[in-house]
Amino acid sequence: MTETNRLLFERYKDRIISAETASKLINNNDVVGTSGFTKAGDSKSVLPAFAKRAALENISITLISGASLGHTTDADLASCGALFKRMPFQADATLRKHINNNEVLYIDQHLSETAELLQNGHLPKMDIAIIEASEVDENGNIIPSTSIGNSATFAALADKIIIEINTSFPVELKGIHDVFLQKEYPNKQIIPITKVDTRIGSEYISIDPAKVIGIVFTEAQDSPADIAAADEKTTAIAHHLLQFFEKEVASGRLSNSLLPLQAGIGKVANAVLSGFINSKFENLSMYSEVLQDSTFDLIDSGKMTFASASSITVSKDCYSKIMNNFSFYKDKMILRPQNISNAAEVIRRLGIIAINTAIEFDIYGNVNSTHISGTKMMNGIGGSGDFARNAYLSVFVTQSASKENNAISHVLPMVSHVDHTEHDVDILVTEQGLADLRGLAPVERARVIIKNCVHPDYKEQLEDYCNRAQALGGHTPHILSEALSWHSRFTENKSMKSECQLEEMI
């Protein structure tokens, strides 16, 4: 399809410019909103061009996205000094280094809240929105590509809009989007989603044509997701979780269709979801943020009937499969703005089973999903908090120990940073086993977590800590002088193991 057939609105045709020209429309200190959610549907030409410009000029921006950007965009912007502040999520190693070196300011937000914060004026006014489209219709509306994220809100609130029309996407994408723009306080509406396939909005983003200052054509595909094959640990985690769901069905609390699933991104989540393919569960559905390889594998297997999210983020092979057979998948999925996909109201109404990844958790069920050793940002909280607090079942998974000789325990006396408190966590799973925390007091949770989730190298240490802490009393017993000593020990010795254990290894 030619570029002309992707741009059906006549008034925009005299606004076609190059990415370099578009980048010059961004001013120093501007607040810029960009489409993109976990590598999908992001700016692939204008922001990279701005990074090159920033390398030559002393200019920087505050950049707000849906979630992480693809290719090397975040890395290039950070390396060229183009970023003053970044929010609400990132997953780039280079940008992460700049954040942890205090060279880029970073605001880590619940992904459901960014649009609302902008609407309420709690964040600075947006100057420019850069939105990727698969096409622009005859009325000037944007047909998004493989994500919606915060694009509709950015387009509504920004003073100016640059549209990147990406001709690499099939025009059949039109129709998979469900754009619902929430009103501001005090006029917020009920979000009337009662099933995962309920449609409540339009298939396009409606904008004010007067705000469009540039149309840029691109043809770069989304950056592929890095999907690692399931290993022994992730397979074991999936096995424990599937066994748990089978028991829930046997108890009458769930049916074989369970309830709508949500899963974070990454190899653990993919392994867990892929485990459903050879299970007895059927007619599964998903209400999540990202459609990953495992989502489409479940659809192909006939196990999943419908999936709702905010983006499609898959491997290169899966991407080709989807785009080459789009007519098969089109009526089985829907993409929504992230403040709708992550809305507390909808999550609670549908009874979502939320499965997310932890960096570490402690013996009372508090979870750290963002900070290494309590200080260094990894990626961000993303949507895990939105789902964990409001889910029917809130599940967190991680390996019990990692690094050479299991130098790091991921189950600890106290987490070094808290993203999800014990009040929002129902189930914890490692390759060692599963801890069901429902209905348990703190001292009971500690015993169940230590028994089922801890690596054998650390079980005796944690039992000793727990016994001594409980002997001191308290509702949530701790020995404050030791609670974070495991992290300190790792900093000093590059291992969380006790001195005695380290001596035995020599």
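The values are calculated or read from the model by the stated rules, or taken from the named source; none is laboratory data. Only a predicted model underlies this, so the values are computations on that prediction, with no experimental measurement involved. FYI the Cβ positions are ideal-geometry reconstructions off the backbone, even for glycines, and counts take in every protein chain you see. These area figures cover heavy atoms from the full protein model, side chains too; ligands, DNA and RNA do not enter into them. Shrake-Rupley method; radii C 1.70, N 1.55, O 1.52, S 1.80 Å.
May I ask you to say which residue of Gln292, Gln262 is over 22 Å from Arg348 (Cα atoms) and buried (at least 20 other Cβ atoms within 10 Å of the Cβ)?
Result: Gln292 is the single residue among Gln292, Gln262 that is over 22 Å from Arg348 (Cα atoms) and buried (at least 20 other Cβ atoms within 10 Å of the Cβ).
Output the residues belonging to region 88-123 that are farther than 30 Å from Pro186 by Cα and either open to solvent by less than 30 Å² (accessible area, probe 1.4 Å) or out of contact with any strand residue (DSSP E or B) (no Cβ under 9 Å at 6 or more places or on another chain) (or both).
Scanning region 88-123 gives Gln90, Ala91, Asp92, Ala93, Thr94, Leu95, Lys97, Ile99, Asn101, Asn102, Val104.
Let me confirm something: among Leu83, Leu25, Leu56, Leu77, which residue is free of Cβ contacts under 8 Å to residues at least 12 places away in the same chain and over 25 Å from Val171 (Cβ atoms)?
The match here is Leu56.
Can you tell me which residue among Ala391, Ala401, Ala446, Ala435 is farther than 21 Å from Thr370 by Cα, buried (at least 18 other Cβ atoms within 10 Å of the Cβ) and under 25 Å from the mean Cα position of the chain (by Cα)?
Being farther than 21 Å from Thr370 by Cα, buried (at least 18 other Cβ atoms within 10 Å of the Cβ) and under 25 Å from the mean Cα position of the chain (by Cα) holds for just one of Ala391, Ala401, Ala446, Ala435, which is Ala435.
Can we say Thr146 is within 24 Å of the chain's Cα centre (by Cα), within 26 Å of Tyr319 (Cα to Cα), open to solvent by less than 70 Å² (accessible area, probe 1.4 Å) and free of Cβ contacts under 8 Å to residues at least 24 places away in the same chain?
no
Could you check how many residues of region 206-229 are out of contact with any His (no Cβ under 6 Å at 6 or more places or on another chain) and not in a strand (DSSP E or B)?
Final tally of qualifying residues: 16.
State which residue is farthest from Asn390 (Cα to Cα) when the search covers only region 299-347 and only residues that are among the small types (Gly, Ala, Ser) and open to solvent by less than 30 Å² (accessible area, probe 1.4 Å).
Within region 299-347, the match that is farthest from Asn390 (Cα to Cα) is Ser315.
What's the total number of residues in region 414-432 that are over 30 Å from Arg349 (Cα atoms), open to solvent by less than 20 Å² (accessible area, probe 1.4 Å) and out of contact with any strand residue (DSSP E or B) (no Cβ under 6 Å at 6 or more places or on another chain)?
Residues meeting the conditions: 0.
Could you identify the single residue in Lys52, Lys85, Lys44, Lys24 that is surrounded by fewer than 18 Cβ atoms within 10 Å (Cβ to Cβ), touching a strand residue (DSSP E or B) at 6+ places or on another chain (Cβ under 8 Å) and among the basic types (Lys, Arg)?
Sole residue among the options that is surrounded by fewer than 18 Cβ atoms within 10 Å (Cβ to Cβ), touching a strand residue (DSSP E or B) at 6+ places or on another chain (Cβ under 8 Å) and among the basic types (Lys, Arg): Lys85.
Given the residues Thr194, Thr235, which is the only one that is modelled with pLDDT under 95, under 24 Å from the mean Cα position of the chain (by Cα) and open to solvent by 70 Å² or more (accessible area, probe 1.4 Å)?
Thr235
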